[in-house]
Amino acid sequence: MNMMKTRKAIPILRSLLVAVGLCMGTLQASAQEVPTFTRQDTLRGSITPERAWWDLTYYHLNITVNPADSSIRGVNTIQYKVIGPQQRMQIDLQPPMRLEKVVQNGVALPVQQDGNAYFVQLPEQQTGTTNSVEVYYGGKPQVSVNPPWSGGLTWRHDSNGKPFAASSCQGDGASLWWPCKDHMYDEPDSMQISVTVPKGLMDVSNGRLRSVERHPDGSNTFNWFVRNPINNYGVNVNIADYVHFGEQYQGEKGPLDCDYYVLRENLEKAKKQFRDVPRMLKAFEHWFGPYPFYEDSYKLVEVPYLGMEHQSSVTYGNRYRNGYLGRDLSGSGWGNKFDFIIIHESGHEWFANNITYQDIADMWIHESFTAYSEALFVDYHYGKKAGADYVIGTRANIQNDRPIIGYYSVNNSGSGDMYYKGANMLHTLRQLVPDDEKWRSILRGLNKDFYHQTVTTAQIETYLSEHIGRNLTPVFDQYLRDVRIPRLEYRNEGGKLQYRWANTIATFDLPVKVRMDGKEKWLEPTTAWQQLPGASRKTTLETDRNFLVSTAPLKAR
Ligand SMILES: [Zn+2]
């Protein structure tokens, strides 16, 4: 997901992302209002017993979408492996969609509804066996009021009056338009998405198009197949009178098919604007390793909202302009050198679709690395200083309003600062790594060692600490679990320079590069005063601009 477009929008974002998230063992944030969560938040956000005993292996979503009355109807076949002795299965589907019946081996099963969750009573299940259920459902799904930030279907028309519709549902959840296991910790290993649409329209979904079935009434079924694990909010339908063009990119793993689906009226503009795709692949394969879904191809699909990181079906609505709808979020000038949506949403193929958070409280794993990928794109094509100018420029968007990490097990995400404060935290960590090859190997290593996995913040924090070679827990506690920006305070005491970290948690100990009387120097401050000999009354300290910290000279006592 991309960041909200205007500052005024942040309060809306706050309300959209639900109340403030505070992590366990709160720090500075304890002053924040503690939100209350509902039973539905827990049913949605936690790994309930009715979810824990089965391992999702495959989905076949087979639906008919009718733009004329904004309805969706069909069946989702859910295949799973039994990993524990249980017979009650939780399946999620949000009203106004209705679950009609659940069938296993031809037998309709008892189902009990509890708000957005349904509990299916299954016959005895043998541990180790693989079974499936068919879940029949239908209705008119929630319409998004502000896509992609609020979830739902978006129903529009193109300039020829033809339907132009799409789904987007991060946060609100995939269960607002199809029945699924709506928790991020468990992904299917593969999926088929079969979508029937009226005559003259096409559906573009994730993965590769396997076949098109034509029906006597002129409608067509588009069968898409995804050969890789996919997160549930990444599954999407995009329906329009699309035209197609494409290219093959010679990447690290060989030829990569790149397919583009746009509105007929935008074909020529798209051919020009989508030239950013090979540039993106070059930069991101350099920094992060091979595109994670060669088997499923890379796609850009035009939609009636800004854009979203749907796996192997990245959606685009940036109106064929560079920047973020023409605006440079960094103010550095570099943001207008590329199409923000193509770069940002494609960066998510590595951080969100390849490496996926298990709990939305850790959404920084998606957004911090991806906001940072914008700077790495600039770094690759325009040089290291340009990349630093870009990421430092985006600090203007930082709010320090709430912690970046949200509440666990209640479907709660943290502050919008997960974008540019998170990106600047990563840029700060880069300064601790001796050379760029090492930093690059850490970013590539993440994508290799957590390939196609769902992860926790602890796994990522530990990985970075181990590979950077320093216990970074205090640094992560500061930037992800507190709202304050560290301040390096210093004062001259009788020819000695004293310095310390202030405005931080007690354990904060980030090493920092400074200029002291014009000479570069590394300091290892803590929250306790330390002395540095050889300072004159006029000695000044200036922290390196690449660190997300501030500096404050104090009067001598
Ligand atoms: Zn994003």
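Here are the numbers for the structure shown:
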{"item": "Dipole magnitude of the stretch 378-459 about its Cα centre (Cβ charges: Lys, Arg +1; Asp, Glu -1), debye to nearest 20", "result": "40 debye"}
{"item": "Convex hull volume per residue in cubic angstrom - Cα atoms of the stretch 257-382", "result": "103 Å³"}
{"item": "Residue-normalised accessible area of the chain, given per residue in Å² at a 1.4 Å probe", "result": "37 Å²"}
{"item": "Translational D in µm²/s for the chain (Stokes-Einstein at 20 °C, 1.002 mPa s, Kirkwood Rh from C-alpha pairs)", "result": "87 µm²/s"}
{"item": "Cα pair distances of the stretch 35-240 binned at 5 Å [whole percent]", "result": "1, 7, 15, 20, 21, 16, 10, 6, 3, 1, 0, 0"}
{"item": "Equivalent ellipsoid, the stretch 339-393 (semi-axes from 5 times Cα gyration tensor eigenvalues, Å)", "result": "22, 11, 8"}
{"item": "I47 versus N66: modelled label distance in nm, points set 7 Å from Cα along the beta carbon direction", "result": "4.1 nm"}
{"item": "The stretch 46-86: C-alpha gyration tensor shape, a/c 1.5 cut-off, then a/b vs b/c", "result": "prolate"}
{"item": "Listed residues V75, V378 arranged by accessible area, highest first, probe 1.4 Å", "result": "V75, V378"}
{"item": "Sequence-distant lysines (8 or more away, or on other chains) whose Cα lies within less than 21 Å of K299", "result": "K253, K269, K271, K272, K282"}
{"item": "Charge dipole (debye, nearest 20) of the stretch 431-493; +1 at Cβ of Lys and Arg, -1 at Cβ of Asp and Glu", "result": "120 debye"}
{"item": "Relative intensity, log₁₀ I(q)/I(0), of the stretch 411-557 from a Debye sum that treats every alpha carbon as a point, q = 0.10, 0.15, 0.18 Å⁻¹", "result": "-0.40, -0.82, -1.09"}
{"item": "Within the accessible area of the chain (1.4 Å probe), percent carbon and sulfur", "result": "50 percent"}
{"item": "Efficiency of FRET from Cβ geometry, Y58 and R156, R₀ 56 Å, rounded to 0.05", "result": "0.95"}
{"item": "Projected label distance in nm at D114 and L325, using a 7 Å step from Cα toward the beta-carbon", "result": "4.1 nm"}
{"item": "Given charges at Cβ of Lys, Arg, Asp, Glu: the stretch 150-251 dipole, positive-most of F225, H157, Y185", "result": "H157"}
{"item": "Cα gyration tensor shape for the stretch 487-553, rounded if a/c is under 1.5, else prolate or oblate", "result": "oblate"}
{"item": "FRET E, pair R395, N146, Förster distance 25 Å, beta-carbon r, rounded to 0.05", "result": "0.45"}
{"item": "Whole-Å distance, taken between Cα centres, linking the stretch 146-197 and the stretch 435-495", "result": "34 Å"}
{"item": "Shape of the stretch 363-484, Cα gyration tensor, a/c cut at 1.5", "result": "oblate"}
{"item": "Over the chain: helical MRE at 222 nm, DSSP H runs n ≥ 4 each giving -39500 (n - 2.57), nearest 500", "result": "-6500 deg cm²/dmol"}
{"item": "Rounded Å value of the spacing that divides the Cα centres of the stretch 240-309 and the stretch 70-93", "result": "32 Å"}
{"item": "Lysines with Cα under 23 Å of K538, excluding same-chain neighbours fewer than 8 positions away", "result": "K496, K513, K519, K521, K555"}
{"item": "Estimated dipole of the stretch 35-240 in Debye, rounded to 20 [Cβ of Lys and Arg +1, of Asp and Glu -1, Cα centre]", "result": "340 debye"}
{"item": "Charge tally in the Cβ shell below 12 Å around A502, where Lys, Arg are +1 and Asp, Glu are -1, A502 excluded", "result": "+3"}
{"item": "All lysines inside 16 Å of K162 as judged from Cα atoms, apart from same-chain residues fewer than 8 positions distant", "result": "K199"}
{"item": "Positive dipole terminus of the chain, leading residue within Q498, T370, G414 (C-beta point charges)", "result": "Q498"}
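The values are calculated or read from the model by the stated rules, or taken from the named source; none is laboratory data. Just so you know, these numbers come straight off a predicted model, no measurement behind them. Virtual Cβ from ideal backbone geometry, glycine too; neighbours counted across all protein chains shown. When the accessible area is computed, the model is the full protein with side chains, heavy atoms only, and any ligands, DNA or RNA have been set aside. Shrake-Rupley method; radii C 1.70, N 1.55, O 1.52, S 1.80 Å.
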